[in-house]
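The values are calculated or read from the model by the stated rules, or taken from the named source; none is laboratory data. Bear in mind the structure is a predicted one, so any value in this text is a computation, not a measurement. Glycine also receives a Cβ, built like all others from the backbone with ideal geometry; neighbour counts cover every protein chain displayed. Note: accessible area is taken over every heavy atom of the protein model, side chains too, but ligands, DNA and RNA are not part of it. Shrake-Rupley method; radii C 1.70, N 1.55, O 1.52, S 1.80 Å.
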Amino acid sequence: MEPNTIQLVAIPERCYRCGQLTRGIVGVLAPTSRGHVFREFDDVSAALAQVLQPDDLATVRIGPIKVRRSRHRGAHLSNGCVVCGAILGSFPLWESLQEELSRGRSLRDFVVACPLGTL
Ligand SMILES: [Zn+2]
């Protein structure tokens, strides 16, 4: 793993609004003294929004992490389509990941390394 990158677990999706391919972050593989642990997006979204730059995210087809509104959750930090900005909800992304894992794929198959921006 490159220094100064973060390992995002991101699911490729076709955007329901614009039809373009985008990725939504389901979580991160966070380094610990005993290897990496998976942390869910909603638990780390505030930290991710601070350290990941929209331009860097766009190079791996991930939209900016920012506050968007949804009917169920109101305003909250969320994933969005890299092309049109449509909200990508955490729960549907989580379900997509579970579906892929149930087909025998692993978290590692969805890891995308993204550079950490300078604060
Ligand atoms: Zn879109």
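The table for this structure:
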| item | result |
| --- | --- |
| ³J(HN,Hα) computed for each position of the range 68-75 - Karplus, 6.51 cos²θ - 1.76 cosθ + 1.60, integer Hz, glycine/proline x | 10, 9, 10, 4, 7, 10, x, 7 |
| 222 nm mean residue ellipticity, helices alone, for the chain (DSSP H n ≥ 4; -39,500 (n - 2.57); rounded to 500) | -7500 deg cm²/dmol |
| Of all accessible heavy-atom area on the range 5-102, the percent that carbon and sulfur account for (1.4 Å) | 50 percent |
| Förster-model FRET efficiency, 30 Å R0, residue 46 and residue 16, C-beta, rounded to 0.05 | 0.75 |
| Label-point separation, residue 59 to residue 32 (7 Å along Cα→Cβ), nm | 3.0 nm |
| Calculated diffusion of the chain, Stokes-Einstein form, Kirkwood radius summed over Cα pairs, 37 °C and 0.692 mPa s, µm²/s | 228 µm²/s |
